[in-house]
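Chemist: Have a look at this one before I ask anything.
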Amino acid sequence: MLARMDAIRARALLARVPGLNAEHLRALIAAAGGEPAGAAQPRAARDVQLPPGARSFLSRPDEPALDADLAWLAASGARIILCTDPDYPPLLGETAGAPAALYLLGSAPALASPQLAMVGSRNPTPSGVTTARAFAAWFARAGLTVTSGLAVGIDAASHEGALSVEGLTVAVCGTGLDRVYPQQHEGLAARIRVRGALLSEFPPRTAPLRQHFPRRNRIISGLSLGTLVVEAARHSGSLITARLAAEQGREVFAIPGSIHSPVSRGCHQLIRDGAKLVEEAADVLAELRISVPKETLTGARSDPQKPPALDKEYEMLLDALGFEPATIDVLVARTRLAPESVASMLLILELQGRVAALPGGRYGRLP
């Protein structure tokens, strides 16, 4: 029992070493004769090139932090996966600067499944949220694991879409797994743990600092065959994920949008830079050379709850709305209907899920 505890402590120590990547850890373990427990000893580092912070930590470990880590691991059921373990995600292991260790809550086999990253704006349009959910559900039915970052907006919609069809989804976190960030996604995180995995390279009690999220993004792209950007502003963090995916030799996809929408400009820039333009989910699978089961196509096209046909005036109002958000005053001018009629009709269309109310008194059409 004591030997087992020593082995777990050694893994916890190696996972907490600052600045240690997979290449460093493999060298340490090789220097220790192939034993992770030996790699945690200062003598293993004598002939290995390491960052100064890593060498210092190995010579003087933070014992109180390790005690707290071990208590959390035992209480939470979390696992530490080292880069030399069979459960370490194979695609991530191929990337430069891959994490030396990962903390996992949930299913380790989910990490080895074929994954597609879906990322986008934290302030998406209603259409973007609907698109992300629908695409994620489609990919999950086709056997892909949907991987994202648990953020509000497109990330959350992507996780939800996969879960809605009982598919697999992986959330890569920019904090320790002893907390959920943002806090409002605690319920979502619990569901992801059941139907996939929560993953982080950060040890417990790590706060959501700004510099952690680009590091998280390289794991999202590194786990995945490709990255799909649903909506993104010109300076969105999603573009960092897309750039990292391209640097890792993975496919980059982007869904175009309105030329007037700020959250489409990042996607348009990606397409100009060579990302594959995506109009439907099948475009992604074709590019990845993934065959689509017949039942997936049938399920994606079936519409058992098709909304009722609209009267002529409602059709005219939707045509006037187009796919650009507009205010009631603009719609009155376009349709020549009375303002009170337009307001009433928009309310009914909103209840039917055809339009959504947006900030600034605008309305947007949903796909």
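Chemist: Filter segment 155-188 down to residues that are in a helix (DSSP H, G or I) and buried (at least 22 other Cβ atoms within 10 Å of the Cβ) and give me whichever is nearest to the chain's Cα centre (by Cα).
Modeler: Here the answer is ASP155.
Chemist: Considering GLY19, GLY77, which residue is farther than 26 Å from ALA110 by Cα, modelled with pLDDT of 90 or more and under 26 Å from the mean Cα position of the chain (by Cα)? Explain how you work it out, then say what you get.
Modeler: Numbers: GLY77 fails: farther than 26 Å from ALA110 by Cα.
It is GLY19.
Chemist: Any residue that is in a helix (DSSP H, G or I), out of contact with any Ser or Thr (no Cβ under 6 Å at 6 or more places or on another chain) and of a type in the set (Val, Ile, Thr) - is there at least one of those in segment 231-240? Even if it seems obvious, please write down each step before you answer.
Modeler: Step one: of segment 231-240, the residues in a helix (DSSP H, G or I) are 237-240.
Of the ones still in play, those that are also out of contact with any Ser or Thr (no Cβ under 6 Å at 6 or more places or on another chain) are 237-240.
Add one more test, that the residue is of a type in the set (Val, Ile, Thr), and what stays is 240.
The answer is yes; a qualifying residue exists.
Chemist: Cβ-Cβ below 7 Å, separation at least six or inter-chain, first residue in segment 232-255 and on the phi > 0 side of the Ramachandran plot, second surrounded by 21 or more Cβ atoms within 10 Å (Cβ to Cβ): which pairs?
Modeler: The qualifying pairs do not exist here.
Chemist: For residues in segment 307-344 being among the β-branched types (Val, Ile, Thr) and either without any contact (Cβ under 8 Å) to a residue 24 or more places away in the chain or under 22 Å from VAL263 (Cα atoms) (or both), which is surrounded by the fewest Cβ atoms within 10 Å (Cβ to Cβ)? Working first, answer last.
Modeler: If we filter segment 307-344 for residues that are among the β-branched types (Val, Ile, Thr), which is where we start, we get 327-328, 330, 332, 335, 342.
Subset that is either without any contact (Cβ under 8 Å) to a residue 24 or more places away in the chain or under 22 Å from VAL263 (Cα atoms) (or both): 327, 330, 332, 335.
On the way: THR327: 14, VAL330: 16, VAL332: 18, THR335: 17.
Residue satisfying both the conditions and the ranking: THR327.
Chemist: Could you check how many residues of segment 196-205 are crowded, with 20+ Cβ neighbours inside 10 Å and in a loop (DSSP other than H, G, I, E, B)?
Modeler: 4
Chemist: So ALA136 fits all but one of (1) buried (at least 21 other Cβ atoms within 10 Å of the Cβ); (2) in contact (Cβ under 8 Å) with a residue 40 or more places away in the chain; what number is the exception?
Modeler: Of everything listed in (1) buried (at least 21 other Cβ atoms within 10 Å of the Cβ); (2) in contact (Cβ under 8 Å) with a residue 40 or more places away in the chain, ALA136 misses just condition (2).
Chemist: Same structure, new question: For SER127, only one of the following conditions fails: (1) assigned by TED's automatic domain parsing to the domain that holds GLU160; (2) touching a helix residue (DSSP H, G or I) at 6+ places or on another chain (Cβ under 8 Å); (3) modelled with pLDDT under 95; (4) not aromatic (Phe, Trp, Tyr). What is its number?
Modeler: Against the list (1) assigned by TED's automatic domain parsing to the domain that holds GLU160; (2) touching a helix residue (DSSP H, G or I) at 6+ places or on another chain (Cβ under 8 Å); (3) modelled with pLDDT under 95; (4) not aromatic (Phe, Trp, Tyr), SER127 comes up short only on (2).
Chemist: Output the number of the condition that HIS260 fails; it satisfies all remaining conditions of (1) assigned to a helix (DSSP H, G or I); (2) more than 23 Å from ALA156 (Cβ to Cβ).
Modeler: If we test HIS260 against (1) assigned to a helix (DSSP H, G or I); (2) more than 23 Å from ALA156 (Cβ to Cβ), just (1) comes out false.
Chemist: Quick one: which helices (runs of 4 or more DSSP H) sit completely within segment 1-119 and have at least 2 residues that are touching a residue at least 24 places away in the same chain (Cβ under 8 Å) and of a type in the set (Lys, Arg)?
Modeler: 2-16
The values are calculated or read from the model by the stated rules, or taken from the named source; none is laboratory data. Because the structure is a prediction, the values reported are computed rather than measured. With ideal geometry, Cβ positions are generated from the backbone for all residues, glycine too; neighbour counts draw on all protein chains shown.
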